[in-house]
Structure formats: structure tokens, C-alpha cells
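No lab work stands behind these numbers, since they all come straight from the coordinates. None of the values given here were measured: they were computed from a predicted structure. Methodologically, a virtual Cβ is constructed for each residue, glycine included, from the backbone with ideal geometry; neighbour enumeration extends over all protein chains shown.
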Amino acid sequence: MSLLFTPLTMRSVTLPNRIAVSPMCQYSAGADGVPTDWHLVHLGSRAVGGAGLVIAEATAIEPRGRISAGDTGIWNDEQVAAWRPITRFIKENGSVPGVQLAHAGRKAFGDWTPVAPTTEPFPGMNTPEKLDDAGVREIISFFVSAARRAVAAGFEVVEIHAAHGYLLHEFYSPLTNEGTLDERIVVPVAVTAAVREAVDVPVFVRISGTDWTEDGWTADDSVVLAQRLAEAGADLVDVSSGGNTANADIPVGPGYQVPLAEAVRRKADVLTGAVGLITEAQQAEQLLVDGSADLVLLGRELLRDPYWPLRAAQQLGAEVKAPKQYARAF
Ligand code: FNR
């Protein structure tokens, strides 16, 4: 009995297995953040390949929140309409469509002034304008509208992007904000609570489990944040790392971020997702068996092989749920 191929139910949504496509920017949106045929084929292929959850890339909640002008967005009705055939196709092929709601903060790169909790620029990037209280309230309202639009577009999971040095990470990291830990986590927790209030679908939050620097955010801090996010209504904390400094010393290797997910899972009362150089079926299965995480997210390996989940099912002796059109191959 494979745990990787055991369904996972959160609220009214059941993932058919515990393999998720990690959100990955494609820099392929049309004008004004509208998803294109590329997104249909790219995300659709990974649903056909058997991933239980397909999370669409960092999708901006407002124009200033784009990492680049090629990012997808979810701040207007035209974007909602363009996402609909994509979410429908993913569902028709037995998978669950999710979307990552994002604001790039000071790491936005375009011909606009970025916003952040600091006026200190990320190395090589534009100088941000510091958000005041009204600006923060507006950001929270953008997250809420984006979450509602995501549901209207057919998404059944929303993930709040609070990692990789983007806006919400900039709030909780001591590298980019002042105040105590309790003060710095206020905004990410408030966004989570507001999104939870606005939609019924499972809400994930992606965090950076460490800044990988002496004076930065730590794994212990992440346990505190994850507990607060869970209390605010997050269903799952997806634990990534880094991104808020150009000089981090990251010990990259197979499953290098799994211990961060495991610390959160063991010490905070919330489901976790593990991500980062998870490439083998047995490796993914084992980290679930070990209790390090509840969901496994794969990025680059699923770019190399969209059929990874079907192969993994074969290798782990689970039922292979190939699309009927491909049945003769399995
Ligand atoms: C990413 N990553 C990423 N992460 C995220 O939270 N939102 C995003 O939009 C993106 N965009 C993105 C684009 C591309 C092309 C890559 C390769 C990566 C990070 C990604 O989701 C994942 O966390 C890392 O790639 C680590 O997992 P893998 O690739 O080792 O399985």
C-alpha cells in the first residue's frame, strides 16, 4: 500500500494522490497577465501525467505584484475567463487545479515602483516604496479578491505565496523588516485569515523555512509562523526556503528542504508539503512514511517528465490511473 498514492482530503477537496506540481513561473502570459495556450498545454500535460494536484505558477494579485511582465495574473475578469478552460481540463483529467497567489514585493521587475516593508532594494533591483498601513490593508484586499476570482476561475486549492523573498516573506524575515517575530508575522497571518474567510477551498501557504543566513529567519521561527497560520485557517504549509538575500549559503542536495517541512510537521499542528530535489518515487514515498510531510511537491523533475506520477505508481505497485486514451501503453 503506497502512501504516495493514498488520497488526501482537505475540506471538501480530495487529492487522488499526494503528488503536486510545484508552482513554476512560465513567463508566458499574454498582455496584461492573461494565461495562454501554453498554460493549458503545460498544466494540462501534468494533469494527464497523473499528478494529484497541479498548482499554477505565481499568479499576481495586482499588476505591481508581478515578478515580470510575463507573469500570469488574477486581478481581473478577463484573466478569470482565460483560466477557466485550463482548470476545466485539469479536472476532466482527474487532477485538482490549484493556483499560487503572489505579490513580488521588492522583487518585482518592471517599469513600476515596487512596494515592500522596507526601502532597501534587493541587490540589483529597483528601490521599493515602503507600504504604510493603508497600503497593507489594500494588499490584504487584493489577496481576498484574487482568492475569490481564483475560485470563480475553477481553482479548488489556493496557495498564498509567502516564500522566496517576495512580499509576504519580506514582512516576516528580519532581513527586510523591523520588530519582533510576533510583529513581523502579523501581515502574512492577516492575509491568511482574510483569504480563509473569503473562500471555502483548501488554503495552502508556501513559506521559506529559513533564510540560510546567520541573522535571518530560522526553522524555529517557521514553527511559530506555521502554528499561527494554521490557527488563521491554513490547511497546509508548503515549506520551501531562501530567496530573501543574494548571499545565502544553501546546502543544495537531494531532499535538502525536507527537514524544514519535518520540523514544522512535528512541532506545529498542521499538514505540510515538502519540496526541493525530490526526484525518485521511493524517496517521495519514504518521506511520507517517515512523517516528514503529507504532500510531496515536484518542480523540475515534472518539467523533465510530466508522466513521473504514472511511472512512480508502477514502481511503487500502486494502481496506475493512465488516461483512457493512453490505456494501451500501461
Ligand atoms: C520555480 N519555483 C517557483 N516557486 C514558487 O513558489 N512559485 C513559482 O512561481 C516558482 N517558479 C519557478 C519556475 C521554475 C522554472 C522553477 C524551476 C522553479 C520553485 C519551485 O516551485 C520549486 O520549489 C523548486 O524548483 C524546488 O523544487 P524542485 O525543482 O527541485 O523539484
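What ³J(HN,Hα) values, in whole Hz, does the Karplus curve 6.51 cos²θ - 1.76 cosθ + 1.60 give for segment 281-292 when θ = phi - 60°, with x put for Gly and Pro?
4, 5, 5, 5, 4, 5, 5, 6, 4, 6, x, 7
Hey, if you put +1 on the Cβ of every Lys and Arg and -1 on every Asp and Glu Cβ in segment 261-330, which of 276, 299, 286 ends up farthest toward the positive end of that dipole?
Among 276, 299, 286, the one farthest towards the positive end of the dipole of segment 261-330 is 299.
In terms of Cα to Cα distance under 17 Å, which lysines are near enough to residue 321, apart from those fewer than 8 places away along the same chain?
Once the sequence-local lysines are set aside, what remains near residue 321 is 91.
Using only alpha carbon pairs under 8 Å that are at least six residues apart, calculate the relative contact order of the chain and give it in whole percent.
Working: 782 pairs, mean separation 54.8, N = 330.
The value is 17 percent.
What value, in deg cm²/dmol to 500, does the helix sum -39500 (n - 2.57) over DSSP H runs of n ≥ 4 give at 222 nm once divided by the residues of the chain?
Calculated from helices alone, the mean residue ellipticity at 222 nm is -10500 deg cm²/dmol.
What are the ³J(HN,Hα) values, in whole Hz, obtained from phi via the Karplus relation 6.51 cos²θ - 1.76 cosθ + 1.60 with θ = phi - 60°, for each residue of segment 22-37 in sequence order, with x given for Gly and Pro?
For segment 22-37, the Karplus curve yields 5, x, 9, 4, 10, 6, 9, 6, x, 4, 6, x, 7, x, 10, 4 Hz.
What full-extension length gain, to one decimal in nm, is calculated for residue 9 and residue 231 as 0.36 nm per residue of separation minus the Cα-Cα distance?
78.1 nm
May I ask you to compute the full-extension gain from residue 327 to residue 256, defined as 0.36 nm times their residue separation minus their alpha-carbon distance, rounded to one decimal in nm?
Gain in length upon complete extension: 22.0 nm.
Given the peptides 20-29, 108-117, arrange them by the average over their residues of other C-beta atoms within 10 Å, most packed first.
Working: 20-29: 21.5, 108-117: 18.6.
Highest-to-lowest ranking by the protection proxy: 20-29, 108-117.
Quick one: dipole size for the chain, taken about the Cα centre, charges +1 on Lys/Arg Cβ and -1 on Asp/Glu Cβ, in debye to the nearest 20.
Result for the chain is approximately 1240 debye, rounded to the nearest 20.
Dividing the Cα radius of gyration by the Kirkwood radius, what Rg/Rh value follows for the chain?
The Rg/Rh ratio comes out at 0.95.
Roughly speaking, what is the centre-to-centre gap between segment 309-327 and segment 221-269 when only Cα atoms are used, to the nearest Å?
31
Where both partners of a DSSP beta bridge lie in segment 3-329, what percent of those bridges are antiparallel, to the nearest 5?
Percent antiparallel among DSSP bridges in segment 3-329 is about 10.
Just to confirm the number: angle between the C-alpha axis of helix 77-92 and the first principal axis of the chain, 0 to 90 degrees, nearest 10?
The helix 77-92 is inclined about 30 degrees to the chain.
Of 274, 134, 226, which is the most mobile in a GNM of the chain whose springs link Cα atoms less than 10 angstrom apart?
For the chain, modelled as a Gaussian network with Cα springs under 10 Å, the answer is 134.
What whole number of Å gives the distance from the Cα centroid of segment 110-149 to the Cα centroid of segment 20-57?
25
Show me, for segment 131-147, the HN-Hα J-couplings you get by feeding each phi into the Karplus relation (A = 6.51, B = -1.76, C = 1.60, θ = phi - 60°), rounded to Hz, glycine and proline as x.
Once θ is set to phi - 60°, the couplings for segment 131-147 become 6, 8, 4, 5, x, 5, 4, 5, 4, 4, 5, 5, 4, 5, 4, 5, 5 Hz.
Report the extension gain between residue 92 and residue 280 in nm, rounded to one decimal, defined as 0.36 nm multiplied by the number of residues separating them, less their alpha carbon distance.
Working: separation 188, 0.36 × 188 = 67.68 nm, distance 2.70 nm.
Gain on stretching residue 92 to residue 280: 65.0 nm.
Once the Cα atoms of helix 219-231 and of the chain are each reduced to a long axis, what angle between those two axes, in degrees from 0 to 90 to the nearest 10, is obtained?
80
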